[in-house]
């Protein structure tokens, strides 16, 4: 899909330079950058959700389970 974006000239020049060095098209560079950004945002949202879930600490049953797992899988 074609789109139009506005970008600073210096940033576009750097992107073009990198694209040439890597043997990629400008479109591939921007698609890769957007893909990376979207994935990082998803990871950030997941981290925030996990932090919210565990903000109150573990329940006693969860601590016992974790300790049991640690004891079972100790590397020697």
Problem - residue 22 versus residue 2: modelled label distance in nm, points set 7 Å from Cα along the beta carbon direction - result: 2.4
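Can you give the helix-only mean residue ellipticity at 222 nm for the chain, where every DSSP H stretch with n ≥ 4 adds -39500 (n - 2.57) and the sum goes over all residues, rounded to the nearest 500 deg cm²/dmol?
Using -39500 (n - 2.57) per qualifying helix, the result is -24500 deg cm²/dmol.
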Completion exercise
Longest principal axis of the chain (C-alpha) makes with the long axis of helix 26-53 (C-alpha) an angle, in degrees to the nearest 10, of 20
Exercise for the section: Treat each spin label as a single point 7 Å out from the Cα along the C-beta direction, and report the residue 46 to residue 62 distance in nm. Expected result: 1.8
Completion exercise
At 25 °C in a medium of viscosity 0.890 mPa s, the range 9-72 has a Stokes-Einstein diffusion coefficient, with Rh taken as the Kirkwood radius over alpha carbon pairs, in µm² per second, of 158
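All of the numbers you see were taken from the coordinates with simple rules; none came from a lab. Model, not experiment: these values are computed from the prediction. A quick note on method: Cβ atoms are made from the backbone with ideal geometry, for glycine too, and the neighbour counts reach across all protein chains shown.
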